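Asks: First the structure, which I've put down as C-alpha coordinates, then a few questions once you've had a look.
The values are calculated or read from the model by the stated rules, or taken from the named source; none is laboratory data. Just so we're clear, the structure is a prediction, and the values are computed from it rather than from any experiment. Please note: Cβ atoms are built from the backbone with ideal geometry, for glycine as well, and neighbour counts cover all protein chains shown.
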Amino acid sequence: MYKAVILPDAKKDVKEAARWYNDKKKGLGRRFVKEVRNKISYICKNPKAIAERYDDTRCAVLDVFPFMVHFSIDEKQNVVIVSAVFHTSLNPERWEKR
(Lines give C-alpha, C1' and ligand atoms only; values in the text may rest on other atoms or scores of the structure.)
Protein backbone atom coordinates (compact mmCIF):
# COMPACT_ATOMS: atom_id res chain seq x y z
CA MET A 1 0.00 0.00 0.00
CA TYR A 2 1.16 3.51 -0.83
CA LYS A 3 1.13 6.52 1.47
CA ALA A 4 -0.78 9.62 0.32
CA VAL A 5 0.80 13.06 0.25
CA ILE A 6 -1.79 15.76 -0.45
CA LEU A 7 -0.24 18.97 -1.74
CA PRO A 8 -1.47 22.34 -0.42
CA ASP A 9 -3.22 23.25 -3.70
CA ALA A 10 -5.20 20.00 -3.58
CA LYS A 11 -6.20 20.64 0.03
CA LYS A 12 -7.36 24.09 -1.02
CA ASP A 13 -9.39 22.57 -3.87
CA VAL A 14 -11.18 20.25 -1.43
CA LYS A 15 -11.87 23.00 1.11
CA GLU A 16 -13.30 25.34 -1.53
CA ALA A 17 -15.53 22.64 -3.01
CA ALA A 18 -16.71 21.50 0.44
CA ARG A 19 -17.58 25.09 1.34
CA TRP A 20 -19.52 25.48 -1.92
CA TYR A 21 -21.46 22.25 -1.31
CA ASN A 22 -22.23 23.26 2.29
CA ASP A 23 -23.66 26.54 1.00
CA LYS A 24 -26.02 24.50 -1.18
CA LYS A 25 -27.06 22.02 1.53
CA LYS A 26 -25.87 21.61 5.10
CA GLY A 27 -23.75 18.47 5.50
CA LEU A 28 -23.12 18.03 1.79
CA GLY A 29 -19.59 19.41 2.13
CA ARG A 30 -18.79 16.78 4.74
CA ARG A 31 -20.10 14.10 2.38
CA PHE A 32 -17.89 15.49 -0.40
CA VAL A 33 -14.78 15.37 1.83
CA LYS A 34 -15.63 11.78 2.79
CA GLU A 35 -15.89 10.83 -0.91
CA VAL A 36 -12.49 12.41 -1.60
CA ARG A 37 -10.94 10.51 1.32
CA ASN A 38 -12.48 7.24 0.15
CA LYS A 39 -11.15 7.76 -3.37
CA ILE A 40 -7.66 8.60 -2.10
CA SER A 41 -7.76 5.48 0.07
CA TYR A 42 -8.67 3.41 -3.00
CA ILE A 43 -5.89 5.08 -5.00
CA CYS A 44 -3.34 4.22 -2.29
CA LYS A 45 -4.32 0.57 -2.51
CA ASN A 46 -4.48 0.43 -6.33
CA PRO A 47 -2.65 3.43 -7.86
CA LYS A 48 -1.80 1.68 -11.12
CA ALA A 49 -5.45 0.71 -11.66
CA ILE A 50 -6.03 4.33 -12.70
CA ALA A 51 -4.93 5.22 -16.23
CA GLU A 52 -2.42 7.97 -16.92
CA ARG A 53 -4.08 11.05 -18.36
CA TYR A 54 -1.34 13.69 -18.60
CA ASP A 55 2.37 12.91 -18.75
CA ASP A 56 2.84 11.07 -15.42
CA THR A 57 -0.46 12.22 -13.93
CA ARG A 58 -3.38 9.90 -13.31
CA CYS A 59 -6.98 11.00 -12.70
CA ALA A 60 -9.58 9.16 -10.63
CA VAL A 61 -13.20 10.25 -10.84
CA LEU A 62 -15.19 10.41 -7.60
CA ASP A 63 -18.13 8.04 -7.44
CA VAL A 64 -20.80 10.58 -6.48
CA PHE A 65 -19.51 14.09 -7.16
CA PRO A 66 -18.27 15.36 -10.55
CA PHE A 67 -14.66 15.78 -9.45
CA MET A 68 -11.38 14.10 -10.37
CA VAL A 69 -8.41 13.45 -8.10
CA HIS A 70 -5.19 14.17 -10.00
CA PHE A 71 -2.16 12.30 -8.71
CA SER A 72 1.22 10.87 -9.57
CA ILE A 73 3.12 7.90 -8.17
CA ASP A 74 6.58 8.04 -6.62
CA GLU A 75 7.70 4.40 -6.80
CA LYS A 76 10.96 4.99 -4.91
CA GLN A 77 9.21 6.55 -1.92
CA ASN A 78 6.10 4.33 -2.24
CA VAL A 79 3.98 7.51 -2.24
CA VAL A 80 0.93 8.77 -4.11
CA ILE A 81 1.14 12.55 -4.58
CA VAL A 82 -2.27 14.21 -4.88
CA SER A 83 -1.79 17.50 -6.69
CA ALA A 84 -5.35 18.59 -7.48
CA VAL A 85 -9.04 17.83 -6.97
CA PHE A 86 -10.85 19.50 -9.87
CA HIS A 87 -14.44 19.65 -11.02
CA THR A 88 -14.80 17.73 -14.27
CA SER A 89 -16.18 20.79 -16.08
CA LEU A 90 -12.99 22.83 -15.54
CA ASN A 91 -10.67 23.48 -18.44
CA PRO A 92 -7.76 20.98 -18.35
CA GLU A 93 -5.35 23.82 -19.12
CA ARG A 94 -5.94 25.05 -15.57
CA TRP A 95 -4.49 21.78 -14.30
CA GLU A 96 -1.44 22.05 -16.54
CA LYS A 97 -0.56 25.44 -15.02
CA ARG A 98 0.09 23.81 -11.64
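Asks: Starting from segment 7-30, take each residue that is free of Cβ contacts under 8 Å to residues at least 60 places away in the same chain and within 26 Å of T57 (Cα to Cα) and list its partners that are part of a helix (DSSP H, G or I) and β-branched (V, I, T), counting only C-beta distances under 7 angstrom and pairs at least six apart or across chains.
Replies: A18/V33
Asks: To continue, here is another question. Tell me, which residue of segment 6-40 that is farther than 14 Å from V64 by Cβ and not charged (D, E, K, R) is farthest from the chain's Cα centre (by Cα)?
Replies: For segment 6-40, the residue satisfying everything is N22.
Asks: Tally time: how many residues in segment 50-86 are over 19 Å from V33 (Cα atoms) and touching a strand residue (DSSP E or B) at 6+ places or on another chain (Cβ under 9 Å)? If you could, list the steps in order and put the result at the bottom.
Replies: Going residue by residue through segment 50-86, those that are over 19 Å from V33 (Cα atoms) are 50-58, 72-79.
In the following step, the residues that additionally are touching a strand residue (DSSP E or B) at 6+ places or on another chain (Cβ under 9 Å) were identified as 50-58, 72-74, 77-79.
Residues in segment 50-86 being over 19 Å from V33 (Cα atoms) and touching a strand residue (DSSP E or B) at 6+ places or on another chain (Cβ under 9 Å): 15 in total.
Asks: Quick check on Y2: is it touching a Pro at 6+ places or on another chain (Cβ under 9 Å), at pLDDT 95 or above and surrounded by 14 or more Cβ atoms within 10 Å (Cβ to Cβ)? Full working, then the answer.
Replies: Working: touching a Pro at 6+ places or on another chain (Cβ under 9 Å): yes; at pLDDT 95 or above: yes; surrounded by 14 or more Cβ atoms within 10 Å (Cβ to Cβ): yes.
Judged against the criteria, Y2 is a match.
Asks: Which is among the acidic types (D, E), within 20 Å of L90 (Cβ to Cβ) and either free of Cβ contacts under 8 Å to residues at least 24 places away in the same chain or touching a Cys at 6+ places or on another chain (Cβ under 8 Å) (or both), of E35, E52? Break it down into steps so the answer makes sense when it comes.
Replies: Details: E35 fails: either free of Cβ contacts under 8 Å to residues at least 24 places away in the same chain or touching a Cys at 6+ places or on another chain (Cβ under 8 Å) (or both).
Exactly one residue qualifies, and that residue is E52.
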